[in-house]
Amino acid sequence: MADLIDIKQAVREFLDLGRRQAGAGQIEEAERTLRAVIALDRKSPEAWHMLGEVLSALPGRRGEAAEAFSEAMKLEPTNQGARESRAALGFRPTVQPTRDRPERNLVLPQLAGEDGKEALIAAARAAETNGDFLAAQGHWERVIAIDPSDTWAWTQHAHNLSVNLQDFEGAEAAYRRAVDEDPFDDWAWGKLGIMLADFLGRVEEGQSLLRHAISLDASEPYYHGWLGWTLYRQSEDLAASEASLIEAVRIWPDYQWAWFHLGYVRYLMSDKASEAEEAFLKALELEPADVPALFNLASLYEEQMAKPRRALQYFQKVLTVEAGDPATLRRMAMLWQGPLGDPKKAEAAYREVLVEVPDDYDVLTRLGWLLWEHMDKADEGIKLLEEAARVAPDNAWVLTHVAQAWHMAKGDSARAVDWVAEALKVDPAFDWANAYMGLILAENTETRAAAEVCFKRAVTISPDYSWAWHQLARYYLGEDATAHLAWEPLSKVLEFAPNHVSALYDIVWLGLYHLHRADIVADEAARLIELDEESGYALSMAGRVLRLTGGDEGDIETLLRRAVSVAPDDHFAWHELGEFLLYDVADLEAAEETLLRAQQLDASCKSIDLDLGLIRLVQGRTRAAREHFERALEIDPDNGTAWGAYARFLYLTDADRGLVEQAFDRALQLEPDFFEGWALYAGYLAALEGHEKEAEEALDRARTLAPATLDLHKWIERHVRPLVLDL
């Protein structure tokens with residue numbers, strides 16, 4: 001008895017696993033799981049039914065699916081779901097060709113023969129109409145017995161066997177007898193071809209027969225439609241499928257089934273969104289309540305055309321046909337949770353799904369995520385997430401979501417690490433789990449080194465994973481010694497997501513303040529202010545890029561004044577404008593006023609002291625100027641720019657040359673790859689007699705480091721001896 005209980009428990013667990021795998025699109029894994037269930041309990045109608053559903057989703061496995069459904073019905077005759085699924089397998093509105101041909105029509109009674117053949121044909125058709133397919137089989141067999149050469153009767157018999165009774169072996173024999181009787185019967189060739197390809201998995205043979213049917217009658221749209229179907233469904237040849245489906249709708253402009261599949265093929269292509277939309281809309285024009293067309297058009301708008309509101313409209317139309325459909329409600333909730341930004345509607349839709357499907361781990365996960373991130377309901381959110389993990393303990397995506405909630409909502413890194421570790425145990429190659437482990441480890445100096453390994457593993461697994469690339473870049477930017485390494489991962493982020501605003505900020509900052517190469521981030525700076533035009537920080541950096549790449553001074557001033565206008569409390573914006581007024585415009589009074597405003601906003605900024613020190617020097621307040629420069633060095637004694645500015649102060653005040661040289665040496669030692677220190681030093685040496693060679697060497701070094709478009713001589717003139725000194 002205990003063994004029996006254990007077996008039943010194992011069956012239940014495996015069925016749950018198979019259901020989750022099928023729901024996650026892991027069809028082949030689901031098939032293996034369900035066959036394992038059947039090996040444990042061959043009399044489980046639920047397992048046979050579920051296996052049929054799984055097999056029906058696999059190309060060329062419909063014949064096996066029909067057998068699985070039949071087995072479920074044999075074990076449980078009242079299983080209406082299996083009965084409906086088996087019937088749906090063969091649904092295709094193509095009993096007859098689209099135009100007249102040697103298709104049999106009932107003859108008038110007075111012209112009918114006395115052998116009873118016409119009466120039997122009428123009886124067979126009536127039986128099919130009434131759903132009595134076994135009776136229809138008997139009638140067709142008697143028709144053929146009367147007239148074995150009737151090709152049309154053989155094809156009708158074969159159709160009933162394949163579509164209605166799933167007797168594919170008998171159907172194939174009947175179709176082949178039809179083409180033996182009439183080798184030029186294109187309809188029999190076409191029907192045999194699609195049956196072999198679609199139901200029996202004999203793809204190449206089936207496609208060959210469909211092409212043969214087309215060679216016999218290229219004007220029949222069904223052949224082109226069926227060939228298009230099998231080309232994408234089974235051969236994954238999207239281009240050839242599209243061409244075949246285009247031909248089908250060209251021949252028959254009202255071929256709704258082909259219009260839908262043409263739209264779907266273009267949707268799969270992912271680079272033909274407008275053409276896919278056109279085909280879906282045509283399909284809906286012909287059949288406004290076609291749920292697959294409505295659903296996939298909505299998906300197209302959401303995923304490829306960035307039209308979330310239009311997507312929502314079409315998902316809502318699905319619900320007018322299929323009220324309460326869980327899959328549609330889930331997609332609507334995802335739109336409200338994401339681009340449409342309506343968390344309350346998202347919550348309501350998710351909860352409506354859970355009423356129908358309480359163990360839907362995907363919806364449990366998304367609702368839990370929504371609650372902690374947007375609804376300030378961290379405890380309830382985590383409870384739902386952990387329930388999802390209980391339902392789907394082998395799903396790494398769910399487990400990583402639980403980790404994220406503990407980390408982000410509760411600040412509990414230890415628990416988060418445990419959950420991510422569990423996710424990686426389930427799926428070591430799950431990219432998000434690897435990257436998220438890196439994110440957590442990077443927060444702690446003791447585990448920081450291990451974080452890099454996690455990030456690199458994530459981008460190795462998924463080379464186009466922009467979030468992981470960005471986290472790797474942020475990891476490098478966290479320390480001066482590794483900041484230069486962030487260039488490659490940031491470039492990768494922008495390769496896959498050109499409008500990634502956060503990455504644009506990072507790469508412009510990196511180019512300006514660490515690599516000191518404004519020219520290599522000019523395009524990114526321009527794109528940044530297009531995307532974030534109300535950001536004072538972005539406008540200020542863009543203005544600085546223009547200053548360092550020889551931009552028009554009018555354009556620079558416009559950007560910098562706009563920056564302080566949109567961000568009046570941003571120290572950085574005022575500081576950039578102040579430097580521009582001081583060095584480029586030489587407006588001493590305006591520069592002083594602007595820089596003092598910047599200092600009010602952030603008194604700890606060392607470079608403001610450098611600028612104010614120059615202003616005090618021009619004003620003749622040498623002692624005050626010295627205090628500013630020395631204060632900057634106290635704040636950050638290892639800053640090369642501060643030492644360079646101090647060296648300039650020393651030579652402008654005729655200090656001892658030895659002190660000047662020491663200051664320059666310190667500046668160049670601290671920032672050997674920053675052009676400004678070398679340029680200042682070159683300008684200083686050029687003014688000394690007998691130092692032409694050293695000046696040229698320093699200038700060459702500055703030239704190799706400076707932005708390519710910068711007028712270096714003009715920069716040296718303005719910084720070695722700033723224009724304000726001549727006021």
>> Suppose we keep only residues that are surrounded by 17 or more Cβ atoms within 10 Å (Cβ to Cβ) and at pLDDT below 75 within region 67-93. Which one would you say is farthest from LEU227 (Cα to Cα)?
In response: ARG86
> Restricting region 619-633 to residues that are part of a helix (DSSP H, G or I) and of a type in the set (Lys, Arg), which is surrounded by the fewest Cβ atoms within 10 Å (Cβ to Cβ)?
Replying inline: ARG623
> Is region 121-130 home to any residue that is over 28 Å from SER219 (Cα atoms), at pLDDT 65 or above and either assigned by TED's automatic domain parsing to the domain that holds ALA36 or part of a loop (DSSP other than H, G, I, E, B) (or both)?
Replying inline: yes
> In region 254-285, how many residues are part of a helix (DSSP H, G or I) and either of a type in the set (Lys, Arg) or touching a residue at least 60 places away in the same chain (Cβ under 8 Å) (or both)?
Replying inline: 3
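Regarding ASP480, is this residue under 24 Å from PHE675 (Cα atoms) and either touching a His at 6+ places or on another chain (Cβ under 9 Å) or part of a loop (DSSP other than H, G, I, E, B) (or both)?
Working: under 24 Å from PHE675 (Cα atoms): yes; either touching a His at 6+ places or on another chain (Cβ under 9 Å) or part of a loop (DSSP other than H, G, I, E, B) (or both): yes.
Yes; evaluated as a whole, the condition is true for this residue.
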> Which of the following residues is of a type in the set (Gly, Ala, Ser), outside the structural domain of THR549 (by TED's automatic domain parsing) and under 51 Å from the mean Cα position of the chain (by Cα): ALA686, ALA632, ALA624?
Replying inline: ALA632
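Output yes when any residue across region 540-549 is part of a helix (DSSP H, G or I), among the basic types (Lys, Arg) and surrounded by fewer than 19 Cβ atoms within 10 Å (Cβ to Cβ), and no when none is. Spell out how you get there, then give the answer.
From region 540-549, those part of a helix (DSSP H, G or I) are 540-548; that's our starting set.
Remaining after also requiring among the basic types (Lys, Arg): 544, 547.
With the extra rule that they be surrounded by fewer than 19 Cβ atoms within 10 Å (Cβ to Cβ), the set shrinks to none.
No - not one qualifying residue is present in region 540-549.
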> Pairs under 6 Å by beta carbon, first residue under 13 Å from GLU386 (Cβ atoms) in region 402-419, partner part of a helix (DSSP H, G or I) and of a type in the set (Lys, Arg), six or more apart or different chains?
Replying inline: TRP406/ARG415
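Residue by residue through region 190-214, note down the ones that are out of contact with any Gly (no Cβ under 9 Å at 6 or more places or on another chain) and buried (at least 24 other Cβ atoms within 10 Å of the Cβ).
To start, the set of residues in region 190-214 that are out of contact with any Gly (no Cβ under 9 Å at 6 or more places or on another chain) comprises 190-191, 204.
Across region 190-214, the qualifying residues are GLY190, LYS191.
Given the structure, is ALA171 surrounded by 18 or more Cβ atoms within 10 Å (Cβ to Cβ), small (Gly, Ala, Ser) and at pLDDT 90 or above?
Here the answer is yes, as ALA171 does meet what is asked.
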>> Quick test for you: out of THR445, THR482, THR460, pick the one residue that is closer than 22 Å to ILE520 by Cα, of a type in the set (Ser, Thr, Tyr) and surrounded by fewer than 14 Cβ atoms within 10 Å (Cβ to Cβ).
In response: THR482
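The values are calculated or read from the model by the stated rules, or taken from the named source; none is laboratory data. Note that the structure is a prediction, hence the values are computed from the model and not measured. Here Cβ is always computed from backbone atoms with ideal geometry, including for glycine, and neighbour counts include all displayed protein chains.
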